[in-house]
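Worksheet: the structure to be examined is printed underneath.
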Amino acid sequence: MTSDDFWTEQSALAEPLLKDLFKNPNPLLTSLKGHRSTKIGLIFEDLLLFWFQNHPTWQLVSHDEQIFKKRETLGALDFVIQTEHSVLHLEVA
């Protein structure tokens with residue numbers, strides 16, 4: 001699958017959700033209520049979270065998963081997504 005094919009497929013998958021949101025944006029607005037930040041990177045992360053939670057074929061495995069070694073925090077995974085073909089780890093903000 002080429003990059004163009006991937007984005008064409010994702011656009012087609014997004015279309016029903018986008019049409020629903022144009023009619024009624026409340027699910028998205030509710031998701032963004034109490035926004036944790038005005039920083040564009042964190043807003044982008046919250047928008048991606050909404051998309052992954054509503055993706056018709058992908059499954060959100062984890063979001064902002066903290067990684068510990070004993071009692072020390074080593075870091076966090078922004079997103080872990082199960083697609084039809086693989087598991088994706090995304091760092092976005």
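Things worth noting here:
- Residues that are surrounded by 12 or more Cβ atoms within 10 Å (Cβ to Cβ) and either within 11 Å of the chain's Cα centre (by Cα) or among the hydroxyl-bearing types (Ser, Thr, Tyr) (or both), drawn from segment 70-86: ASP78, PHE79, VAL80, ILE81
- Test: LEU49 is assigned to a strand (DSSP E or B) and surrounded by 14 or more Cβ atoms within 10 Å (Cβ to Cβ): no
- Screening the candidates LEU60, LEU42 for the property of being within 21 Å of GLU9 (Cα to Cα) and either among the hydroxyl-bearing types (Ser, Thr, Tyr) or open to solvent by less than 60 Å² (accessible area, probe 1.4 Å) (or both) yields one hit, LEU60.
- Filtered residues of segment 69-86 (kept if part of a loop (DSSP other than H, G, I, E, B) and either under 21 Å from LEU18 (Cβ atoms) or among the hydroxyl-bearing types (Ser, Thr, Tyr) (or both)): THR83, GLU84, SER86
Results for (1) assigned to a loop (DSSP other than H, G, I, E, B); (2) closer than 21 Å to VAL87 by Cβ, shown as yes or no for each residue.
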site	(1), (2)
ASP4	no, no
GLU15	no, no
LEU21	no, no
SER37	yes, no
GLY41	no, no
VAL61	no, yes
ILE67	no, yes
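- Any pair with Cβ under 9 angstrom, 6 or more apart, that starts in segment 82-93 at a residue that is of a type outside the set (A, V, I, L, M, F, W, C) and ends at one that is open to solvent by 90 Å² or more (accessible area, probe 1.4 Å) and part of a loop (DSSP other than H, G, I, E, B): HIS85/MET1
- The numbered conditions (1) surrounded by 11 or more Cβ atoms within 10 Å (Cβ to Cβ); (2) in a loop (DSSP other than H, G, I, E, B); (3) of a type outside the set (Lys, Arg); (4) touching a Leu at 6+ places or on another chain (Cβ under 7 Å) are all true for LEU28 except (2).
- Test: HIS89 is open to solvent by 80 Å² or more (accessible area, probe 1.4 Å), within 23 Å of SER11 (Cα to Cα) and assigned to a strand (DSSP E or B): yes
The values are calculated or read from the model by the stated rules, or taken from the named source; none is laboratory data. No experiment lies behind these values; they were computed from the predicted model shown. Note that each Cβ is placed from the backbone with ideal geometry, even for glycine, and that neighbours are counted across all protein chains shown. The area values use the complete protein model at the heavy-atom level, side chains included, leaving out ligands, DNA and RNA. Shrake-Rupley method; radii C 1.70, N 1.55, O 1.52, S 1.80 Å.
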